[in-house]
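The values are calculated or read from the model by the stated rules, or taken from the named source; none is laboratory data. All of these numbers come straight from a predicted model, not from anything done at the bench. Positions of Cβ are generated from backbone atoms using ideal geometry, with glycine treated the same way; all protein chains shown enter the neighbour counts. For the accessible areas, the whole protein counts, side chains as well, though only heavy atoms, and no ligand, DNA or RNA atoms are used. Shrake-Rupley method; radii C 1.70, N 1.55, O 1.52, S 1.80 Å.
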Amino acid sequence: MNEDTDIIRSQRRPGRGAFITYVTGYLLSLYLTLTSYLLVTRHMGTAWTMVWLIVGLALVQFWVQLMFFLHLGQETRPRWRLLIFSFMTLVVLILVFGSLWIMTNLNYRMMGSPEKIKQYMQSQVGL
Amino acid sequence: MSQEAEAIAIEHLRHDTERRAASEKTLFGFWVYLMTDCVLFASLFATYAVLHHNTFGGPSGKQIFDMPYVLTETLLLLTSSFTCGLGVLSARRRDKRLVLVLFGITLLLGASFLGMELSEFRNLALAGNSWRRSGFLSSYFTLVGTHGLHIAIGLLWMAVMMVRVKRGHLSDNMVKRLTLLSLFWHFLDVIWIFIFTIVYLMGALGV
């Protein structure tokens, strides 16, 4: 019986592993942040190449912080936290890309600017 | 071991398991809140993504963002997230003095971050580039300001927790609350990764 209690107690006390996890997460995040910052400020390529690179680096850092700081990977089954996280990701993607899609489409149908609409209207007057 | 002692030990263990299950439930509930907050930020990000070209003759991001300043803010927040995590580890070790030191550092770093952000907002407004200037600036102030508001609430929570830790002892309940606070703080740093990349870095690239 005592042994069981000891095991439970020892599970609740974090060891060196937990400390190393935080240090690794911090150093990786630091490295990723500085890399994307330097890529942008030193103009290491065309703007759109840089956009894809920094978005990639941001997603990697997102993953690093989820695993090392928010401990999403250490969850035991059933993985409810992962489930609701996945649902959140789905809602976020629909919200962000859906808005961009609709607004770009709207912009296209509005012909980009009021001046262009005016031009079009004027060209149609003769009809 | 006598039978009586064994019964007490079993009772103890059962109690322990129940308490841990309750604590897990609280953590899960808080996680659900954080995920819904992500959806709030997503709608603000979407607004920003749609409006960021609408400068209405005013300045674009490239003209007003001071990149070294923003990098300093980012590093302050990232470091505070790290010290906050270490603070929870020391709380789980029941090291009260270290908890106060680490959360104290987190509080200072977080307050410096908020101070820098407010001074950035103030300089923008004084230069005539407040949220009333253009669609871009409205969405910028709303997105970054909402994050700043979360930081302010986090700092207040942290200050209250520190006073309570200082006065009382590190009970299981206190450790649980500190864990929730650290989840909140890490979450804010995660949101900041995207603000840093999408608002500031992409703004500096002019896309």
* Can you check what the Kirkwood hydrodynamic radius comes to for the range A:76-127, Cα pairs only, in Å to one decimal? => 14.4 Å
* To do: Could you order A:75, A:115 so the one with the most accessible surface comes first? Probe is 1.4 Å.
  => A:115, A:75
* With the contact rule set at Cα under 8 Å and sequence spacing of 6 or more, what percent relative contact order holds for chain A? -> 19 percent
* **Highest-MSF residue in chain B out of B:72, B:83, B:17 [GNM, Cα springs under 10 Å]** => B:17
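Could you state the per residue volume, in Å³, of the convex hull enclosing the Cα atoms of the range B:23-162?
Numbers: hull volume 15.4 nm³, N = 140.
Value for the range B:23-162: 110 Å³ per residue.
Could you sort B:28, B:41, B:65, B:194 by their accessible area in this structure, using a 1.4 Å probe and putting the largest first? Don't jump to the answer; show the numbers that get you there.
Working: B:28 70, B:41 0, B:65 20, B:194 45 Å².
Accessible-area ranking of B:28, B:41, B:65, B:194, largest first: B:28, B:194, B:65, B:41.
Accessible area per residue for the protein assembly as shown in Å², computed with a 1.4 Å probe and the full protein assembly in place, what is it? Can you show the working numbers first?
Details: 18410 Å² over 334 residues.
On a per-residue basis, the protein assembly as shown sits at 55 Å².
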* Unit Cα scatterers, Debye sum, the protein assembly as shown: log10 I(q)/I(0) for q = 0.11 Å⁻¹ -> -0.79
* In the full protein assembly as shown, how much of residue B:116 is accessible to a 1.4 Å probe, in Å² to the nearest 10? -> 40 Å²
* Asked: For the range A:20-98, what class follows from the C-alpha gyration tensor (a ≥ b ≥ c being the square roots of its eigenvalues): rounded when a/c is under 1.5, otherwise prolate if a/b is larger than b/c, else oblate?
  -> oblate
* Structure fact -> Taking 0.36 nm per residue of separation between residue B:6 and residue B:207 and subtracting their Cα-Cα distance, the length gained on full extension comes to 65.4 nm
* In terms of solvent-accessible area of protein heavy atoms at a 1.4 angstrom probe, what is the ranking of B:38, B:84, highest value first? -> B:38, B:84
* Asked: Calculated from DSSP H runs of 4 or more alone, at -39500 (n - 2.57) each and per residue, what is the 222 nm mean residue ellipticity of the protein assembly as shown, nearest 500?
  -> -28500 deg cm²/dmol
* Asked: With every protein chain present, what accessible area does residue A:26 have (1.4 Å probe, heavy atoms only), rounded to the nearest 10 Å²?
  -> 40 Å²
* Please give, to one decimal in nm, the separation of the simple spin-label points placed at residue B:146 and residue B:26, each 7 Å out from Cα toward the Cβ. => 2.8 nm
* **chain B - percent relative contact order, Cα under 8 Å, separation 6 or more** => 32 percent
